[in-house]
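The values are calculated or read from the model by the stated rules, or taken from the named source; none is laboratory data. Since we're looking at a predicted model, the values are computed, not measured. As a convention, Cβ positions derive from the backbone with ideal geometry for all residues, glycine included, and neighbour counts pool all protein chains shown.
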Amino acid sequence: MTVYDIVKGLPSTHGDHYQLNTTTAIRQAARTYPEQEIVYRTADGGWDRYTYADCYRRVRKIGNVLRDLGIGPADVAGVLDWNSKRHFELYWAIPALGAVMLQMNLRLGTEDLAFVTDHSHARTIFVDETLLPVAEGLLAQGVGVTRWVVMSDKPLSEISTTLPNVVSFEELVDAASDEIDFPMIEETSAYSACYTTGTTGKPKGIYYSHRGIYLHGMAQAQCLSMTPDDTIMLITPMFHANCWGLPQSGTLAATRFVLPGRYAAEDTSELVDVMIAENVTIANGAPVIFEPMLRYIQTLPEKPDFSGARFLSGASEPPKSMMRGFFETTGADIVHGYGATETTPAVSMNRGIKPSMRGLGEEVRWDQKRSQGLPVSGVDIRIVDPAGNDLPHDGVAQGEVLVRGPWIVESYYDLPDNDERFLDGYWRTGDIGVIDEHGYLKLTDRIKDVIKSGGEWISSIDMENAIVGHPKILEAAVIGVPHPKWQERPVVLVHTVDGAELPIEEIHALLEGGFAKWQLPDTVIYVDAIARTSVGKLDKKVLRAQYADLYEGENS
C-alpha cells in the first residue's frame, strides 16, 4: 500500500539485483565465523554446543529433507517448538527454499491455533515431541495438515501419537546429503509468517519479507552495537515475532548464541545461572521475565558482573526501579524497545541519553530511559490527532503513533478489510504517545486503554510504572472503570510480595508530582495474580470486563 510518489533517478551501477535474503546471512556467517559457538539445551535438561559450521551443515541437510517432503517456493511449513537447536535450524532451512516458516504461537488457544494453521494453508508441521498433545489437538479441530514431522532424539518406534503420516525429523536428517544448491530467493518473498494474538476477532497474519528481516537485522545489530564478542540468549519465544529479530541480527553480526529450550517463566533462576556461566551480553524478554531475574540475582551472595550487557525489554514499559536495580546490582543496561508483531518488531529503542543531553541530572536521565526511545534507523514515525493531522514534537501533544518502513506491515494476509489499520501508507499502532524536542518517543497509553475522567486523559502506563516502584509491589494494572459522574475513574489492581495490603495513602504518595490530585485513584484492589495476554501484556480487556460494575449504583 504505497500512497506516495516514487521518483526514478539515474540508474546505478551497483549490484541491486543481488537479493537480500536469510540464506545469504547464514551462509556468510558460517563461512566467515565457522568456529563461532551455539550453545543449546538438550532434551535431558543438560547443555551442549556446536558451531556455525555444524549448524549450516545441518541446514543444508534439512533443505534436502524439505525438498523430499515436497516443500518448495510459496509453500508454508509450521513449527511447534521451544527455543531449541532444531527450531534455530528451521529458521534458515525453510526460507532457503522459498517456503514460508509459520511461527506457531504455543500460547494461543487450540481453536485460534487451528485457524492460523488453516488460514496460512500450512500442510506440513514440524513438532517437538513434548508438544505432540498440541498437534493432536489441532488434528481434532480438523486442520488440513497432511504431514507431521516429529522432532525428537528418540527413534520413531518409541514415540506414541495419534497423528497420521508421521515421520522422524532426525532420521530424515541423518539420511540426507549436505550437498545442496540453494536457490537465490527474491527478496520481497515472504520468509516467515506470524499471527497476532487475536485480542479482537481472529488472529491476523503478518508475512515478513526476506528484505524486511535482513534490513531489520542490520539496523538492530547497529542499534545494539553487536559484535562477534557478544553472546545472545534467545529468551523471548522463537514462535513470536521472529524472536524480536535477534536470530537474524545476531547471525549478521556473528555473535555466539545460547538457546535455552523450554523454561518456566515462574522460575527464571536457571536462565540467570546460564547467563552467568556463558557470559551472556544480550538477551530479550518482557519485564515479567526480567523482574524475577533481578529478585533472584539480589539473593545471590556474589552478584554477577553484567557490565556492558544490553538486555532488550519489550511488551510493556520496564519499571524504572527494575532498570535501576539491574544497573546498580550487575551493571547491565535494560534497553527499552518498542514494537509489535506487525513491525518485525523493532520500531524504536532507548540505548540511553544522546550526547547532547548528557548534562541533564541523574534523575532526569533515568526518567528519560522510561521512554520508548529513538526510532530505529529506517523507521518513520508520526503522531497524529483523530483527524490525521501531524502534532508538534514538544513532549506534550498526544496523538496516535503511526509507523512505516521496510519492515513495517502494509497489509494483513488474506484479510479483505485492511483500511482501518492504515493511514497514508503508515500502520496505525493504536498507541497514544508524544515525541519530545529531542526526538524520543514516549507512549502514554493504548487508545483503548487510556482513562477518560472528567473530560481529561489519565495515562494508565505512567501510573502503573510509578506504583510498581514500591518495594512490596510485584505488579500493578490500572484500568478505567465506568463512573456515573466522571465518565471513568482509574482503578488499581495490585499484587504484593507477601499478599499484604497497603494503605491507599502509600499508593497516592508514589504518584505525587506526576499526577494531579483529581487523577489519583479512589480504589485499590489487591489480587493474587493479574490477567495477562499470551505475549505477557496486561490483559486490560479482561480486567475492564471483570470490574465494569464496580461503581454501578453510586450517586452522580
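Before moving on, here are some points about what is shown:
- Residue in the stretch 495-505 that is at pLDDT 90 or above, surrounded by 14 or more Cβ atoms within 10 Å (Cβ to Cβ), closer than 17 Å to Ser316 by Cβ and not assigned by TED's automatic domain parsing to the domain that holds Leu108 present: yes
- Filter result for Ala387 (out of contact with any Leu (no Cβ under 8 Å at 6 or more places or on another chain) and either buried (at least 18 other Cβ atoms within 10 Å of the Cβ) or not charged (D, E, K, R) (or both)): yes
- Some residue of the stretch 428-437 being in a strand (DSSP E or B), in contact with a Phe, Trp or Tyr (Cβ under 7 Å, 6 or more places away or on another chain) and in contact (Cβ under 8 Å) with a residue 24 or more places away in the chain: yes
- Pro133 being surrounded by fewer than 23 Cβ atoms within 10 Å (Cβ to Cβ), modelled with pLDDT of 95 or more and either outside any loop (DSSP other than H, G, I, E, B) or not assigned by TED's automatic domain parsing to the domain that holds Glu171 (or both): yes
- Lone unmet requirement of (1) assigned to a strand (DSSP E or B); (2) within 15 Å of Arg544 (Cβ to Cβ) for Pro521: (1)
- Qualifying residue in the stretch 336-353 (condition: modelled with pLDDT under 95, part of a loop (DSSP other than H, G, I, E, B) and over 20 Å from Thr236 (Cα atoms)): yes
- Leu215 vs. criteria of a type in the set (A, V, I, L, M) and in a helix (DSSP H, G or I): yes
- Applying the criterion of being over 24 Å from the mean Cα position of the chain (by Cα) and of a type in the set (Gly, Ala, Ser) to the residues of the stretch 444-468, the residue that is nearest to Gln298 (Cα to Cα) is Ser453.
- Some residue of the stretch 181-189 being aliphatic (A, V, I, L, M) and within 30 Å of Gly45 (Cα to Cα): no
- Count - residues of the stretch 505-518 that are touching a residue at least 40 places away in the same chain (Cβ under 8 Å) and part of a strand (DSSP E or B): 1
- Test: residue in the stretch 35-46 that is within 19 Å of Pro228 (Cβ to Cβ), over 25 Å from the mean Cα position of the chain (by Cα) and free of Cβ contacts under 8 Å to residues at least 40 places away in the same chain: yes
- For the stretch 395-427, the set of residues classified as without any contact (Cβ under 8 Å) to a residue 24 or more places away in the chain and closer than 20 Å to Trp244 by Cβ is empty.
- Of all the residues in the stretch 121-130, those that are crowded, with 21+ Cβ neighbours inside 10 Å and either small (Gly, Ala, Ser) or over 22 Å from Gly70 (Cα atoms) (or both) number 1.
- Subset tally (residues that are outside any helix (DSSP H, G or I), in contact (Cβ under 8 Å) with a residue 60 or more places away in the chain and touching a Leu at 6+ places or on another chain (Cβ under 7 Å)) for the stretch 524-556: 2
- One residue stands out in the stretch 415-427 among those that are outside any helix (DSSP H, G or I) and in contact with a strand residue (DSSP E or B) (Cβ under 7 Å, 6 or more places away or on another chain): the one that is nearest to Gly339 (Cα to Cα), namely Trp427.
- Filter pass, Phe306 being in contact (Cβ under 8 Å) with a residue 12 or more places away in the chain, touching a strand residue (DSSP E or B) at 6+ places or on another chain (Cβ under 6 Å) and aromatic (Phe, Trp, Tyr): no
- Positions within the stretch 358-386 being touching a strand residue (DSSP E or B) at 6+ places or on another chain (Cβ under 8 Å) and of a type in the set (Gly, Ala, Ser), in sequence order: Ser371, Gly373
- Of all residues in the stretch 349-370 being over 27 Å from Leu511 (Cα atoms) and touching a residue at least 24 places away in the same chain (Cβ under 8 Å), the one that is surrounded by the fewest Cβ atoms within 10 Å (Cβ to Cβ): Ser356
Residue-by-condition table, conditions (1) crowded, with 18+ Cβ neighbours inside 10 Å; (2) assigned by TED's automatic domain parsing to the domain that holds Ser177; (3) among the charged types (D, E, K, R):
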residue	(1), (2), (3)
Gly70	no, yes, no
Ala74	no, yes, no
Ser84	yes, yes, no
Leu97	yes, yes, no
Arg107	no, yes, yes
Asp118	no, yes, yes
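- Checked against the criterion of being more than 14 Å from the chain's Cα centre (by Cα), surrounded by fewer than 16 Cβ atoms within 10 Å (Cβ to Cβ) and hydrophobic (A, V, I, L, M, F, W, C), the stretch 331-343 contains not a single residue that satisfies it.
- Residues being in a loop (DSSP other than H, G, I, E, B) and not aliphatic (A, V, I, L, M) - total across the stretch 463-504: 11
- Residue in the stretch 245-258 that is part of a strand (DSSP E or B) and surrounded by fewer than 23 Cβ atoms within 10 Å (Cβ to Cβ) present: no
- If you go through the stretch 272-293 and keep only what is surrounded by fewer than 24 Cβ atoms within 10 Å (Cβ to Cβ), in a helix (DSSP H, G or I), of a type in the set (A, V, I, L, M) and out of contact with any helix residue (DSSP H, G or I) (no Cβ under 7 Å at 6 or more places or on another chain), you end up with Val274, Ile276, Ala277, Val288, Ile289.
- Residues satisfying the stated conditions in the stretch 253-279, i.e. among the aliphatic types (A, V, I, L, M) and within 19 Å of the chain's Cα centre (by Cα): Val258, Leu259, Ala264, Ala265, Leu271
- Which numbered condition Thr196 misses (of (1) modelled with pLDDT under 95; (2) surrounded by fewer than 20 Cβ atoms within 10 Å (Cβ to Cβ)): (2)
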